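One structure is given here, and the rest of the page talks about it.
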Amino acid sequence: MILPKIRDKRFTTLRRGGTLTDEDHHLLALWAAQCANHVLHFFEKARPDDGRPGKAIALTDAWVRGETTMTEARIAAFHANAAAREVQGAAKYAALSAGQAVAVAHVAAHYLGAAAYAIRAVLAASEEDSKDEMGGKEWTWQIKQLPLKLKELALEDQKHRNGICWNVFYV
């Protein structure tokens, strides 16, 4: 479970009583898609003919552009998660990352799940003696991709939710 029991109003849109603007919601979705796309190759190597996680990432971008609905994005998340159940290790976490990325259209707080699962994919693909180094590199790469206006908020959220995200963030 990567969502807190009590929702953070900073990750709830203005129209739903929170403080998150649509623009920032879109930026979180795009960042989540970047994180998922960065590790998608783990899934594609295991299942080259299964496009569900890749389609989920593409639908994230399409949702931001207004070219698909939140409902279609949510369905794509279910499909990416189903793909994850058919594989193990890094491939599984890469597919789950894609599912979390597209789920941002439905619940903005899923953005952090995409990042956490991407790091888990890297950890699963790493040799035992290099896991910490490789996980740290992935986290550093992710942070460099974060829009500057959201960096402080995202880092604070990582600190807050690190425990329910398998302590994968190097904050």
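Every number here is computed from the coordinates shown, using simple stated rules; none is lab data. Since the model is a prediction, treat every value here as computed from it, not as a measurement. Neighbour counts are summed over all protein chains in view; Cβ atoms, including those assigned to glycine, are modelled from backbone coordinates with ideal geometry.
Which members of segment 109-146 meet the condition of being within 27 Å of Thr13 (Cα to Cα) and loosely packed, with under 15 Cβ neighbours inside 10 Å?
Listed by number, the residues that qualify are Lys144, Gln145.
Given the criteria of a type in the set (Lys, Arg), out of contact with any Phe, Trp or Tyr (no Cβ under 6 Å at 6 or more places or on another chain), surrounded by fewer than 19 Cβ atoms within 10 Å (Cβ to Cβ) and closer than 30 Å to Leu148 by Cβ, does Arg47 qualify?
On the way: of a type in the set (Lys, Arg): yes; out of contact with any Phe, Trp or Tyr (no Cβ under 6 Å at 6 or more places or on another chain): yes; surrounded by fewer than 19 Cβ atoms within 10 Å (Cβ to Cβ): yes; closer than 30 Å to Leu148 by Cβ: no.
The answer is no for Arg47.
Starting from segment 1-25, take each residue that is surrounded by fewer than 14 Cβ atoms within 10 Å (Cβ to Cβ) and list its partners that are of a type outside the set (S, T, N, Q) and not in a helix (DSSP H, G or I), counting only C-beta distances under 9 angstrom and pairs at least six apart or across chains.
Within 9 Å, the pairs are Lys9/Gly17; Lys9/Gly18; Lys9/Leu20; Leu14/Leu20.
Could you list, in sequence order, all residues of segment 131-160 that are within 18 Å of His25 (Cα to Cα) and not hydrophobic (A, V, I, L, M, F, W, C)?
Within segment 131-160, Gln142, Gln145, Pro147, Lys149, Lys151, Glu152, Glu156, Asp157, Gln158 qualify.
Counting only residues that are aliphatic (A, V, I, L, M) and over 14 Å from Ala103 (Cβ atoms), how many does segment 31-61 have?
4
Go over the candidates Val122, Val87, Val102 one by one and state the one that is outside any helix (DSSP H, G or I), at negative phi and either within 14 Å of the chain's Cα centre (by Cα) or of a type in the set (A, V, I, L, M) (or both).
Val87
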